1. Kindly establish whether residue 77 is assigned to a helix (DSSP H, G or I), touching a residue at least 24 places away in the same chain (Cβ under 8 Å) and in contact with a helix residue (DSSP H, G or I) (Cβ under 8 Å, 6 or more places away or on another chain).
2. Please enumerate the residues belonging to the range 25-55 that are assigned to a helix (DSSP H, G or I) and either touching a residue at least 12 places away in the same chain (Cβ under 8 Å) or touching a strand residue (DSSP E or B) at 6+ places or on another chain (Cβ under 8 Å) (or both).
3. Examine the range 91-98 for a residue that is surrounded by fewer than 17 Cβ atoms within 10 Å (Cβ to Cβ) and part of a loop (DSSP other than H, G, I, E, B), and state whether such a residue exists.
4. For residue 22, are the conditions met, namely being loosely packed, with under 15 Cβ neighbours inside 10 Å, touching a strand residue (DSSP E or B) at 6+ places or on another chain (Cβ under 6 Å) and touching a residue at least 40 places away in the same chain (Cβ under 8 Å)?
5. Just to be sure, is residue 60 in a helix (DSSP H, G or I), in contact with a helix residue (DSSP H, G or I) (Cβ under 6 Å, 6 or more places away or on another chain) and at pLDDT 95 or above?
6. If I filter the range 128-145 down to residues being buried (at least 21 other Cβ atoms within 10 Å of the Cβ) and over 10 Å from the mean Cα position of the chain (by Cα), which single residue comes out as farthest from residue 25 (Cα to Cα)?
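The values are calculated or read from the model by the stated rules, or taken from the named source; none is laboratory data. Here the structure is a predicted model, which is why all the values come from computation and not from measurement. Don't worry about glycine lacking a Cβ; one is built from the backbone with ideal geometry, like all the others, and counts go over all protein chains shown.
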């Protein structure tokens, strides 16, 4: 679909310019199109089968039918230094002294940086919505994008985009 690349780039701009804690930006974006979408969809099916995790195949079908996917994530995000405990640790120093563990995502991560990413995701999908492009935020897309090294971010979500007569992301 002509124009979807422009919408995806505008969504990335919205994510990057969204408000951030202390005005510090750790949000990353990347647009996927073409053959990479098939590669990602196939890898999502395989990951679901390998891990016996639910709905990776369902979301893979959406990715395969999409015109683009916008990835939004964070990488190497510092803490705010508030010692608030929202991350599950008593203070920021304790959290940052922990060895980063990578399962589906890499953490621990400061809760405020995760909020920043959430606001960036909201800004990106708002842009798609304003431009009448169907979309849906998907955690499974981010898991597999990391798994197959499309990105090396700590935490990532994917937003598949579709332009059709009926929204493919609902009634799945």
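1. Here the answer is no, as residue 77 does not meet what is asked.
2. Across the range 25-55, the qualifying residues are 36, 37, 38, 39, 40, 41, 42, 43, 44, 45, 47, 48.
3. Yes; the residues of the range 91-98 include at least one that is surrounded by fewer than 17 Cβ atoms within 10 Å (Cβ to Cβ) and part of a loop (DSSP other than H, G, I, E, B).
4. no
5. yes
6. Across the range 128-145, the extreme among qualifying residues is 133.
Yes/no matrix, rows are residues, columns are (1) farther than 18 Å from residue 162 by Cβ; (2) at pLDDT 95 or above:
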site	(1), (2)
49	yes, yes
56	yes, yes
66	no, yes
75	yes, yes
79	yes, yes
84	yes, yes
89	yes, yes
95	yes, yes
102	yes, no
